[in-house]
Structure formats: C-alpha cells, structure tokens
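To start, the structure itself, in structure tokens.
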Amino acid sequence: MLRSAQTYSKLSRTHSVRVKCDTTTSIAQADNVKIAFRGREIEVPRGSKLRTALLRAGLTPHSEGAVYINCRGIGSCGTCAVEIQGEVQPASWTTAEQLRLNIPPHSAPGNQRLRLACQVACAGDLRLTKYDKFWGEGDTPLPDLPPTAGAAGGAAGEGGAGGAGVTPLGELEFVLDREAQRPEQR
C-alpha cells in the first residue's frame, strides 16, 4: 500500500493526471453565501460558523460590552443571539440554544425568533437582525452601522459594535471554532 502511494506521488509530479470529480459536491463546497447585517453585506464560504464569519469581517453579533465579555463560542452566554432569515445548519435549536435561550434574560415569546450565532453554520444567504439590550433580548432592532471608507463589510478590527475592535483577543476569539483556525495553527 505504501509503495503504491509513493508511485502515485512520483507520477503526479511528472505527468498531468486527470481526475473525475463530482461537480455538485465541489461547487457546493466552494461557493459563498451573502450575509446582510446592520446595513452591511459580506460574502463568506458556505458552511462558515456565523459568529466567526461576522468577526472575521470586522462585524460582531455581540452588543455593548459583550464584545469583551462573552463565552467565545461555547453557547453559554447568549450574547450573540440574533434573528436569522435564511438557511442555517442545524435548522433547529442546538442543545446549547435550548438551554441558554430559555434562561433569563431570554424568555418566551421573544426568544423563539433568536438563534445563537456561535451555534449555527451559514447554509444559504442570510439576513440578520440584532436586537437591543446586553444579550440582544430587547424588542428594538439595532440601527445600521455607519458607512465605512473602503470595501463593503469593513475590515477586521473595525467597530462593528460601534467602537472598539470586534476581536479584542485576536486569534483566541476563534479557538473553539476549529474550522476557523488558520492552517498554521492546526
């Protein structure tokens, strides 16, 4: 077995190899989805964790001081609660969401419209609404962010929360999202 792997490796360096691919799978894995959030639109790879996608784009699903004080993606704090229109995976609440979104300050009926950005992956184009109050449990949608100079969506570290950078811990913000870790960190 090892010998055939070496032979293949040697051949691939000297010859052009044609490989038949299932184009449906490769297209689905390679395409992007759009996320509309607080007046900005970003494009991210399908399957990205929503919290990570927003933070990498310089936006945050957290409000107020929760940019600094949050669970970093465990699903225990609930500060990344947003209303989502569009397809995410899993389609229904995770166990973490069932627990967190039923504990005050979240409560029925308002909690039924929310998902935790750290618990879902982007499966299609999304439109997000972040509500007021520390945990996003309020009734008033947060206003659009001010326009940025440059590319749509802003650069990482911009004030997606209306002030300080959105990733105060740098790459440590993504330690719980294995998919988001840069190749040199794996």
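Quick look at the values:
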item: Selection status of G65, in a helix (DSSP H, G or I), within 21 Å of P168 (Cβ to Cβ) and at pLDDT below 95; result: yes
item: Filter result for T52 (surrounded by 17 or more Cβ atoms within 10 Å (Cβ to Cβ), hydroxyl-bearing (S, T, Y), under 18 Å from D177 (Cβ atoms) and touching a residue at least 12 places away in the same chain (Cβ under 8 Å)); result: yes
item: Region 89-122, residues that are β-branched (V, I, T) and surrounded by 19 or more Cβ atoms within 10 Å (Cβ to Cβ); result: V120
item: Given (1) modelled with pLDDT of 95 or more; (2) outside any strand (DSSP E or B), index of the condition N111 fails; result: (1)
item: Close pairs from region 126-152: first in a loop (DSSP other than H, G, I, E, B), partner among the aromatic types (F, W, Y) and at pLDDT 90 or above, Cβ under 6 Å, at least 6 apart; result: G138/Y131
item: Boolean, R127 is under 17 Å from G47 (Cα atoms), of a type in the set (K, R), modelled with pLDDT of 95 or more and surrounded by fewer than 16 Cβ atoms within 10 Å (Cβ to Cβ); result: yes
item: Among the residues listed as P109, P105, the single one being more than 23 Å from G47 (Cα to Cα), in contact with a Lys or Arg (Cβ under 9 Å, 6 or more places away or on another chain) and of a type outside the set (V, I, T); result: P105
item: Residue check for R182: among the charged types (D, E, K, R), over 19 Å from G58 (Cβ atoms) and at pLDDT below 80; result: no
item: Subset of region 63-87 that is buried (at least 18 other Cβ atoms within 10 Å of the Cβ) and β-branched (V, I, T) - its residue that is farthest from Q119 (Cα to Cα); result: V67
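The values are calculated or read from the model by the stated rules, or taken from the named source; none is laboratory data. Because the structure is a prediction, the values reported are computed rather than measured. Every residue, glycine as well, gets a Cβ built from its backbone with ideal geometry; the counts of neighbours run over all protein chains shown.
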